[in-house]
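Taking it in order: structure first as structure tokens, then the write-up.
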Amino acid sequence: MKQSSLQIIKDEHAALRAMLQSLTMMLDRGPGDEPEGFFDVVRAMLFYIDEFPEKLHHPKESNLLFPRVARLAPQAMEAIIQLEEDHGHSEASVRDLQHLLLGWELIGESRRAAFDTAVRRYVQAYLAHMQLEETAILPIAQSTLTDQDWAELDAAFEANRDPLATKGQRDPVYDRLFTRIVMRAPAPIGVGEA
């Protein structure tokens, strides 16, 4: 049986990795002579992270995937506990980043270092989180879950996919957000002016 949910998880992780890398690249470039565009793009990137991975991707893992893996593979519990802890504070972390960005934008350069440090810590933690899922949970899931488990997981993961990770099927609700990021972010992140 083909487990489409595994591919969806990997595709969504790849889309999020790309967004996190782009966020770091934007931070490395800094606002330059276009602070309005810079803050607009970074704000849109953080909104995406808060909007999709936090509200839709994590709940599918926490409510559907992890309990099934824990039931059939107790050896995965340590990793599941760590991943659930990450999920538990991740939404607050992205909101903190949004606040720190606003502080930098409104208060000025004295707030830049706090945002820079927080973003880099967040990106590093998020990449480690996805790596743990892909190395400690997905292989166990693939070898232990039943066809019925996969059918339920596949249906749930296909029902609300990350618009950035959906090949050929973009959600029109998010087109404006992605267009804003791609058109305003400078190359090589987007197609905006360098």
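Key figures
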quantity	calculated
Full-extension gain in nm, ALA128 to ARG111, via 0.36 nm per residue minus C-alpha separation	3.5 nm
Rotationally averaged projected area of region 94-150 (alpha carbon convex hull; nm²)	5.0 nm²
Solvent exposure ordering (accessible area, 1.4 Å, most first) of TYR126, TYR174	TYR174, TYR126
With DNA, RNA and ligands ignored, accessible area of ASP11 (1.4 Å probe; Å², nearest 10)	30 Å²
Candidate residues LYS60, LYS10, LYS2: accessible-area rank, largest first, probe 1.4 Å	LYS2, LYS10, LYS60
Test item: Cα-centred dipole of region 65-128, Lys/Arg +1 and Asp/Glu -1 on Cβ, debye	100 debye
Inter-part distance where region 53-85 and region 95-166 are each reduced to a Cα centre, Å	14 Å
Protein accessible area in the chain, 1.4 Å probe - carbon and sulfur %	54 percent
Dipole of the chain, positive end: most advanced residue of LEU72, LEU177, GLY88 [Cβ charges, Cα centre]	LEU177
Length added when fully stretched, ARG29-ARG121, from 0.36 nm per residue minus Cα-Cα	31.4 nm
Where GLU36, GLU105 fall by accessible area, highest first, once all protein chains stay in place (1.4 Å)	GLU36, GLU105
Cα-centre dipole for the chain with unit charges at Cβ (Lys and Arg positive, Asp and Glu negative), debye to 20	200 debye
Largest-first principal axis extents of the Cα set of region 25-98 (Å)	55, 20, 17
As computed over the chain, the Cα convex hull volume per residue (Å³)	110 Å³
For region 59-139, average projected area of the Cα convex hull in nm²	5.5 nm²
Cβ-based net charge around THR24, under 12 Å, with every Lys or Arg adding one and every Asp or Glu removing one	+2
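The values are calculated or read from the model by the stated rules, or taken from the named source; none is laboratory data. Keep in mind that what you see is a predicted model, and the values were worked out from it rather than measured. When we count neighbours, we look across all protein chains shown, and the Cβ atoms used for this are built from the backbone with ideal geometry, even at glycine. Ligands, DNA and RNA are stripped out before the accessible areas are found, and what is left, the full protein with its side chains, is counted by its heavy atoms. Shrake-Rupley method; radii C 1.70, N 1.55, O 1.52, S 1.80 Å.
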